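Data block below; observations after.
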Amino acid sequence: MKRKINGYLIAGLIITGIILIAIIVGMFWTPYSPTAMKYGRFQPPSSSHIFGTDNFGRDIFSRVLKGAGTTFSIALSTVVVGALAGTLIGAVTGYFGGLADDILMRLNDAVTAFPSFLLALLVVSLIGPGKKYSVVISLGLVFIPSFARVMRTQYASLRNQNYVTGARLMGVGNARLLFVHLLPNTLRVFLPAFTIGFNNAVLAEASMSFLGIGVTPPDASLGYMLSEAQGMLAAGPWYALFTGLTIVFLVFGVGLIGEGIQMQNREVD
Amino acid sequence: MRESLQFILKRIFLLLVTMILVSFLTFLAFELVSGDPARTMLGTEATAEQLSALRQELGLDKPFMVRYIQWLGGFFSGNLGISYIYRQPVWDLIASKLELTLLLSLMSFVLIAVISIPLGIFSYRLTGGFWDWPRTALNQLCMAVPPFFTGILVSWEFGIILRLFTPGDFPSLHADFTRALQHLFFGAVCLSIPRIAMTVRMMRATVISEMNKAYVRTAISRGNDRHSVLTRHVLKNAMVPVVTFLGQTLAELVGAGIVVEQVLGIPGMGRFLVTSISHRDYPVVQAIVVILAFWVVTVGTVADLINQFIDPRLRASGLSGRLGGAAG
């Protein structure tokens with residue numbers, strides 16, 4: 001059987017692929033030094049500086065490449081932290097049920113009742129703002145409950161399937177059963193959740209850095225660059241424009257991937 | 001009627017329990033990290049006598065539970081403690097800011113509710129036709145635009161080029177109400193764009209799944225046309241998850257508004273929260289967090305109560321398995 005690949009999925013993969021390649025290239029090579037201040041102040045976009053230059057005469061394209069790398073890596077590590085912990089909690093509570101399930105899910109309800117961005121700010125203020133790891137920890141913690149809930153529902157619905165009972169009767173251990181046999185069957189729900197989580201992480205990290213309590217210099221992140229660019233709007237609006245559009249397309253691309261996966265799942269049903 | 005009264009009372013009781021729980025956890029969390037406030041306020045030069053005098057003045061010499069209960073009592077009588085940085089009562093510092101934040105949230109909430117419900121139905125109508133893919137793409141694109149980027153674009157276009165408002169300079173709400181409201185309106189627009197997209201997407205999905213139900217098939221097979229089935233029967237049922245979602249949105253808006261306040265220079269509570277976090281002014285952070293948490297659980301409870309009136313079946317099923325005002 002040949003499955004038709006969803007158009008949104010392809011479009012999303014192309015957009016994300018282009019950005020990802022640019023980020024990887026940017027790790028090793030940028031057209032100009034992202035920190036050198038010698039290319040002339042406020043040069044509008046041109047063939048030599050495609051995104052123009054900023055108030056210090058730095059090449060914005062090179063800075064966006066570096067900044068996108070920081071934002072991407074923080075968002076990815078955040079969502080991985082949230083997904084790993086959430087899957088572990090969801091798998092155990094969903095599969096075994098019982099008292100631990102009740103307690104954790106009530107706790108989950110209480111935490112998700114709170115606006116997630118506010119919760120992240122609260123955690124940041126508790127562990128100390130302004131460091132890369134504090135962004136990852138605070139956002140990662142905030143993402144655990146939603147993953148736990150999604151995965152719990154999956155595991156709870158799969159635990160009485162025949163293949164699971166069969167494997168259990170054959171003496172497969174719990175750990176192997178949960179993560180080797182059941183995990184692949186949760187992917188159709190896990191992957192869209194992962195893309196949504198990633199996008200929320202990009203936006204949350206950018207917001208926090210924009211507010212000055214996320215990533216701070218010398219690390220450049222897109223959010224921090226936007227807050228820098230805001231002060232130069234009158235003289236060099238292209239700085240804000242290109243930095244912002246990079247965030248938009250990063251989120252848009254991954255959003256299309258998630259949408260495509262969900263549509264494909266529906267077509268299979 | 002008795003049933004719904006019972007439900008409302010139960011809901012309010014749970015609301016109070018959640019509020020106490022949230023305030024206790026917040027108080028505990030800040031207790032663990034804040035160190036010695038007296039030393040923070042007086043600096044390292046202070047003598048032991050000065051320190052103990054201030055501790056006594058702030059009530060820090062009392063045990064934890066006593067302080068929590070005093071703090072909670074003070075909270076409900078309008079005494080939220082003293083800021084470490086400004087040495088002023090927290091309530092005096094945040095009262096006018098709270099007003100702006102709530103006004104901003106409510107304005108964007110109205111925009112979201114008024115625009116996204118008709119747009120959600122329209123979006124359902126586009127499903128399956130030629131306009132299906134532009135609809136999906138536009139929807140995803142709007143969700144991808146962060147409010148602080150829209151805020152920057154708005155302050156560039158309307159502030160710097162058209163000079164409709166001055167981004168950094170917010171007029172006092174009481175001195176110049178119309179201009180302040182106009183400024184807030186720009187913020188509300190930025191805040192609502194991605195949320196309108198989310199609500200539309202959610203509403204469309206709900207209408208689709210509702211239209212596939214048996215009662216719709218029955219109604220159509222009895223000769224009703226799809227349009228009247230949609231407006232007379234389906235919409236009412238589809239509103240329940242939408243109301244829950246909108247309640248959650250109203251709660252989330254106070255968090256999301258922080259960034260917009262920052263971009264457009266609106267001196268609201270979110271902005272003050274951020275500066276207080278950077279200055280480690282814990283009494284202020286604590287008070288704002290608890291106020292916003294109370295707002296969130298109250299909104300969640302109201303959304304749940306509205307749903308009881310839209311769909312009486314929910315009343316029979318009790319609390320729909322949710323703790324406190326969880327608006328999820």
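The values are calculated or read from the model by the stated rules, or taken from the named source; none is laboratory data. It should be emphasised that the depicted structure is a prediction, and the values quoted were computed from it without experimental measurement. Here the Cβ is made from the backbone with ideal geometry for all residues, glycine too, and neighbour counts use every protein chain on show.
Taking segment B:258-280 as the search range and keeping residues that are over 20 Å from B:Thr166 (Cα atoms) and without any contact (Cβ under 8 Å) to a residue 40 or more places away in the chain, which one is farthest from the other protein chains (Cβ to nearest Cβ)? Applying the filter and picking the extreme gives B:Thr275. Number of residues in segment A:122-153 that are within 12 Å of chain B (Cβ to nearest Cβ), among the small types (Gly, Ala, Ser) and assigned to a helix (DSSP H, G or I) equals 4. Is it the case that B:Val242 is modelled with pLDDT of 85 or more and in contact with a Leu (Cβ under 6 Å, 6 or more places away or on another chain)? Spelling it out, it is not the case that B:Val242 is modelled with pLDDT of 85 or more and in contact with a Leu (Cβ under 6 Å, 6 or more places away or on another chain). Against the numbered list (1) of a type outside the set (Ser, Thr, Tyr); (2) at pLDDT below 85; (3) more than 28 Å from B:Gly300 (Cα to Cα), B:Ala219 comes up short only at (2).
Would you be able to say whether some residue in segment A:236-247 is of a type outside the set (S, T, N, Q), touching a helix residue (DSSP H, G or I) at 6+ places or on another chain (Cβ under 6 Å) and either surrounded by fewer than 19 Cβ atoms within 10 Å (Cβ to Cβ) or not in a helix (DSSP H, G or I) (or both)? Checked against the condition, which is being of a type outside the set (S, T, N, Q), touching a helix residue (DSSP H, G or I) at 6+ places or on another chain (Cβ under 6 Å) and either surrounded by fewer than 19 Cβ atoms within 10 Å (Cβ to Cβ) or not in a helix (DSSP H, G or I) (or both), segment A:236-247 yields no hits at all.
For segment B:144-159, a tally of residues being surrounded by fewer than 22 Cβ atoms within 10 Å (Cβ to Cβ) and facing chain A (nearest Cβ under 7 Å) returns 2. Selection within segment A:148-160: residues that are among the hydrophobic types (A, V, I, L, M, F, W, C) and crowded, with 24+ Cβ neighbours inside 10 Å. The member of this set that is nearest to B:Ala293 (Cα to Cα) is A:Ala148. When segment A:248-259 is limited to residues that are buried (at least 23 other Cβ atoms within 10 Å of the Cβ) and aliphatic (A, V, I, L, M), the one that is nearest to A:Gly26 (Cα to Cα) turns out to be A:Leu250.
For (1) within 14 Å of another protein chain (Cβ to nearest Cβ); (2) modelled with pLDDT of 85 or more; (3) in contact with a helix residue (DSSP H, G or I) (Cβ under 9 Å, 6 or more places away or on another chain); (4) closer than 30 Å to B:Asp281 by Cβ, each residue gets a yes or a no:
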residue: B:Lys97; (1), (2), (3), (4): no, yes, yes, yes
residue: B:Leu106; (1), (2), (3), (4): no, yes, yes, yes
residue: B:Ile161; (1), (2), (3), (4): yes, no, no, no
residue: B:Gln182; (1), (2), (3), (4): no, yes, no, no
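Residue by residue, here is whether (1) crowded, with 19+ Cβ neighbours inside 10 Å; (2) within 17 Å of A:Val150 (Cβ to Cβ); (3) among the aliphatic types (A, V, I, L, M) holds:
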{"residue": "A:Thr78", "(1), (2), (3)": "yes, yes, no"}
{"residue": "A:Gly82", "(1), (2), (3)": "yes, yes, no"}
{"residue": "A:Gly86", "(1), (2), (3)": "yes, yes, no"}
{"residue": "A:Ala100", "(1), (2), (3)": "no, no, yes"}
{"residue": "A:Val124", "(1), (2), (3)": "yes, no, yes"}
{"residue": "A:Lys132", "(1), (2), (3)": "no, no, no"}
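Taken together, the residues in segment A:28-68 that are part of a loop (DSSP other than H, G, I, E, B) and in contact with a Leu (Cβ under 8 Å, 6 or more places away or on another chain) amount to 2.
Pull up segment B:76-107, narrow it to residues that are surrounded by 14 or more Cβ atoms within 10 Å (Cβ to Cβ) and of a type in the set (Ser, Thr, Tyr), then point me to the one that is nearest to B:Leu292 (Cα to Cα). By that ranking, first place goes to B:Thr101. Against the test of being at positive phi and away from chain A (no Cβ under 14 Å), the options B:Gly59, B:Gly73 yield a single qualifying residue, B:Gly59.
Residues in segment A:213-269 that are of a type in the set (Ser, Thr, Tyr) and within 26 Å of B:Thr166 (Cβ to Cβ): A:Tyr224, A:Ser227, A:Tyr239, A:Thr243. Only a single item in (1) in contact (Cβ under 8 Å) with a residue 40 or more places away in the chain; (2) farther than 16 Å from B:Val145 by Cβ; (3) at the interface with another protein chain (Cβ under 10 Å from one of its Cβ atoms) is not met by A:Phe249, and it is number (2). The residues on offer are A:Ser77, A:Ser62, and the sole one that is without any contact (Cβ under 8 Å) to a residue 60 or more places away in the chain, polar (S, T, N, Q) and more than 27 Å from B:Phe245 (Cβ to Cβ) is A:Ser62. On inspection, A:Ala156 does not qualify as in contact (Cβ under 8 Å) with a residue 24 or more places away in the chain and within 13 Å of another protein chain (Cβ to nearest Cβ). Only a single criterion out of (1) hydroxyl-bearing (Ser, Thr, Tyr); (2) modelled with pLDDT under 80; (3) in a helix (DSSP H, G or I) is not satisfied by B:Thr136, namely (2).
For B:Phe165, the criteria (1) within 19 Å of B:Val260 (Cα to Cα); (2) in contact with a Phe, Trp or Tyr (Cβ under 9 Å, 6 or more places away or on another chain); (3) in a helix (DSSP H, G or I) hold in every case but one, which is (3). Scanning for something polar (S, T, N, Q), closer than 30 Å to B:Ala256 by Cβ, within 11 Å of chain B (Cβ to nearest Cβ) and surrounded by 21 or more Cβ atoms within 10 Å (Cβ to Cβ), does segment A:109-121 turn up at least one residue? Checked against the condition, which is being polar (S, T, N, Q), closer than 30 Å to B:Ala256 by Cβ, within 11 Å of chain B (Cβ to nearest Cβ) and surrounded by 21 or more Cβ atoms within 10 Å (Cβ to Cβ), segment A:109-121 yields no hits at all.
Residue-wise test of (1) over 27 Å from A:Lys131 (Cβ atoms); (2) in contact with an Asp or Glu (Cβ under 9 Å, 6 or more places away or on another chain); (3) part of a helix (DSSP H, G or I); (4) modelled with pLDDT under 90.
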| site | (1), (2), (3), (4) |
| --- | --- |
| A:Thr70 | no, yes, yes, yes |
| A:Ala75 | no, yes, yes, no |
| A:Val79 | no, no, yes, no |
| A:Ala83 | no, no, yes, no |
| A:Thr87 | no, no, yes, no |
| A:Ala91 | yes, no, yes, yes |
| A:Gly94 | yes, yes, yes, yes |
| A:Ala100 | yes, no, yes, yes |
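If only residues of segment B:212-242 that are in contact (Cβ under 8 Å) with a residue 60 or more places away in the chain and surrounded by fewer than 21 Cβ atoms within 10 Å (Cβ to Cβ) are counted, the one that is farthest from B:Leu292 (Cα to Cα) is B:Leu230.
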